[in-house]
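The values are calculated or read from the model by the stated rules, or taken from the named source; none is laboratory data. It should be emphasised that the depicted structure is a prediction, and the values quoted were computed from it without experimental measurement. So basically every Cβ, Gly included, is an ideal-geometry build from the backbone, and we count neighbours across all protein chains shown.
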Amino acid sequence: MPIFSDYRPNWDLKNTWNGQPTINDGRVLLCGISELSPGAEGAARIEPLAEEFWGGVDVGAVLPMLEGRQSWVTRPCWR
């Protein structure tokens, strides 16, 4: 099943709260394409839902994207 621009999965930014791991929402905005099929590659921008939790994300970071119990490792980030 493909994803479309404005898709909002969870991201594992390695943040914690009260010593427990947390996940953070971020909307995916596809660049120049309307959908991305499984196994395909494309450029996208991640728009944080709560920007204050994303301050520790560095250029080149690899962010695991989570959807339910599934996890995908994404490409390095650029700003």
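Taking the stretch 21-44 only, how many residues are in contact with a Cys (Cβ under 8 Å, 6 or more places away or on another chain) and either part of a loop (DSSP other than H, G, I, E, B) or surrounded by fewer than 13 Cβ atoms within 10 Å (Cβ to Cβ) (or both)?
Within the stretch 21-44, residues that are in contact with a Cys (Cβ under 8 Å, 6 or more places away or on another chain) and either part of a loop (DSSP other than H, G, I, E, B) or surrounded by fewer than 13 Cβ atoms within 10 Å (Cβ to Cβ) (or both) number 2.
Please identify the pairs in which a residue from the stretch 58-79 that is at positive phi and among the small types (Gly, Ala, Ser) has its Cβ atom under 9 Å from the Cβ atom of a residue that is loosely packed, with under 12 Cβ neighbours inside 10 Å and modelled with pLDDT under 80, counting only partners at least 6 apart or on another chain.
Gly60/Pro76; Gly60/Trp78
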